[in-house]
């Protein structure tokens, strides 16, 4: 004979049934969980302080008189060395500026000399035309005067004149003429005049030289 609390499917009575709508009962703090672990603890005092305790550094002991003297001397030496470096740099800068200015002037003189040297053949033509009387009047006389005035502004000077003492720096001897009346080599005639720009000889004068006989 079967028990009255037994259902036809073999389950127990209504007291053993689980109501799916029933709320689960909360577990008490510290009670073991279903997976065998323990529940979380909300007490903040049990948390680990990640920063750890404050560490106080020991106070630095004062320097001795000898150490302070060494530091003062090192500082003075460093300041003196930096001052010397600064003065040296200033002197180098001044010398550099002077060198640049000197090179600029030299380059300017070279350019002017090359330009004038290229125009010397035209100046020779004017000189020969003047010797033949072709520049006594007319527009060519005005052109020759303006051209020579422009050369004078740059410091162009003509060298080589009859009667000058022969100087190999400014004269080029084309012909030597023995002459008992001279005691030193003397320019007897100028074949082609020379020109000097400042201290630079653009072209030596081609001359005939009288030499002592």
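Readers should treat all values here as calculations from the given coordinates under stated rules, not as data from a laboratory. A quick note: this is a predicted structure, and the numbers were derived from the prediction, not measured. Cβ sites come from the backbone with ideal geometry, for glycine too, and all protein chains shown count toward neighbours.
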(request) Treat the count of other C-beta atoms within 10 Å as a stand-in for reagent exposure and order 169, 206 from fewest to most. (result) 169, 206
(message) With Kirkwood's inverse mean 1/r over C-alpha pairs for Rh, give me the Rg to Rh ratio of the range 157-213, two decimals please.
(response) 1.00
(request) Return an integer: the convex hull volume of the alpha-carbon atoms of the range 68-154, in Å³ per residue. (result) 84
(request) Grab the beta carbon distance between residue 110 and residue 149, set R0 = 22 Å, and tell me the FRET efficiency rounded to 0.05. (result) 0.45
